[in-house]
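See structure below.
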Amino acid sequence: MGKTTTAVNLAAGLSEAGYFVLLVDLDPQGNATSGLGLGSSELEKGLYHALVGAHGLPDVVRTTAHEGLRVVPATPDLAGANVELVNEDRREYRLADLLAEARHGYDYIIIDCPPSLGILTLNGLVAADHILIPVQAEYYALEGLGQLLKTIGLVKENIKPELNILGAVITMFDTRNKLSSEVMQELYRYFPDSVFRSVIPRTVRLAEAPSYGQSIFHYEPKGKAARAYRRLSQELLENFN
């Protein structure tokens with residue numbers, strides 16, 4: 001819990017603040033899709049079909065329970081894109097080309113990347129202007145951070161020099177756990193000036209919400225996790241305004 005939970009609830013938080021938001025589920029697991037109440041196995045078309053040119057992006061966009069939030073869902077086919085796109089021209093620009101047509105229609109577009117560093121993740125990095133890195137307050141979360149930063153560096157160096165790391169946000173933070181504080185201190189070593197002040201707590205309700213197909217704003221709107229994601233949304237907006 002961290003990456004997708006943050007993508008879903010940040011998108012929902014921005015829409016609750018009155019912005020028109022598109023959430024792109026680039027992860028073949030489809031957790032962002034199901035976390036907003038859409039069953040990926042029940043969808044006839046999704047992001048995969050747009051990436052391979054079978055449908056235009058507007059054809060695969062779906063509404064959600066949040067008035068200002070739309071989602072480009074992941075379907076099971078998306079897992080095959082890692083293989084199918086390998087020999088295609090401009091394979092790393094497929095998502096960027098699709099979103100170039102949609103940018104004018106939304107205030108914010110949030111991309112939920114896969115956890116592994118493959119062709120889909122590369123598409124997400126190339127399509128993005130800014131990167132927000134959710135880091136779980138757990139020891140192993142930091143181990144993968146160095147590799148991710150190296151990959152981002154390669155993308156900046158070879159494909160997209162203007163790609164910007166917005167910062168890191170710590171998730172699943174438990175005040176009772178000494179390790180959580182140690183991870184936060186280590187995170188400041190990686191990002192001395194760009195750790196978001198908003199800290200996302202570990203809560204049972206936040207973990208439960210996706211199984212009900214709801215963001216935390218609909219599942220427990222007055223709970224501490226909703227308050228934390230509301231603060232994160234406002235903090236993000238302050239970065240751009």
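The values are calculated or read from the model by the stated rules, or taken from the named source; none is laboratory data. On a predicted model such as this, the values are computed, not experimentally measured, just so you know. Cβ coordinates were reconstructed from backbone atoms using ideal geometry, including for glycine residues, and neighbour counts include every protein chain displayed. Surface areas here come from the heavy atoms of the whole protein model, side chains and all, with no ligands, DNA or RNA. Shrake-Rupley method; radii C 1.70, N 1.55, O 1.52, S 1.80 Å.
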Checklist line | Cβ pairs under 8 Å, 6+ apart, first in region 94-118 and farther than 13 Å from residue 61 by Cα, second surrounded by fewer than 16 Cβ atoms within 10 Å (Cβ to Cβ) and at pLDDT 95 or above | finding: 107/20; 108/20
Notebook entry, point to check: If you go through region 150-162 one residue at a time, how many are in contact with a helix residue (DSSP H, G or I) (Cβ under 8 Å, 6 or more places away or on another chain), over 22 Å from residue 4 (Cβ atoms) and in a helix (DSSP H, G or I)?
Noted result: 0
Next item on the list: Determine whether region 92-107 contains at least one residue that is under 29 Å from residue 212 (Cα atoms) and at pLDDT below 90.
Entry: no
Next item on the list: Name the single residue, out of those in region 71-106 being among the charged types (D, E, K, R) and more than 25 Å from residue 156 (Cβ to Cβ), that is nearest to the chain's Cα centre (by Cα).
Entry: 77
Next item on the list: Please tell me if residue 62 is out of contact with any Ser or Thr (no Cβ under 8 Å at 6 or more places or on another chain) and touching a residue at least 24 places away in the same chain (Cβ under 8 Å).
Entry: yes
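Yes or no, residue by residue, for (1) under 20 Å from residue 112 (Cα atoms); (2) open to solvent by less than 20 Å² (accessible area, probe 1.4 Å); (3) modelled with pLDDT of 90 or more:
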| residue | (1), (2), (3) |
| --- | --- |
| 132 | yes, no, yes |
| 138 | no, no, no |
| 150 | yes, no, no |
| 175 | no, no, no |
| 179 | no, no, no |
| 184 | no, no, no |
| 191 | no, yes, no |
| 200 | yes, yes, yes |
| 207 | yes, no, yes |
Next item on the list: Output the residues belonging to region 105-123 that are closer than 22 Å to residue 68 by Cβ and surrounded by 17 or more Cβ atoms within 10 Å (Cβ to Cβ).
Entry: 106, 108, 109, 110, 111, 112
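Looking at this structure, is residue 166 closer than 22 Å to residue 107 by Cα, aliphatic (A, V, I, L, M), in contact (Cβ under 8 Å) with a residue 12 or more places away in the chain and open to solvent by 20 Å² or more (accessible area, probe 1.4 Å)? Write out each step before concluding.
Details: closer than 22 Å to residue 107 by Cα: yes; aliphatic (A, V, I, L, M): yes; in contact (Cβ under 8 Å) with a residue 12 or more places away in the chain: yes; open to solvent by 20 Å² or more (accessible area, probe 1.4 Å): yes.
Judged against the criteria, residue 166 is a match.
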Item checked: Filtered residues of region 185-223 (kept if free of Cβ contacts under 8 Å to residues at least 40 places away in the same chain, under 20 Å from residue 11 (Cα atoms) and aliphatic (A, V, I, L, M)) -> 195, 199
Notebook entry, point to check: Can you name every residue in region 163-210 that is assigned to a helix (DSSP H, G or I) and hydrophobic (A, V, I, L, M, F, W, C)?
Noted result: 179, 183, 184, 187, 204, 206, 207, 209
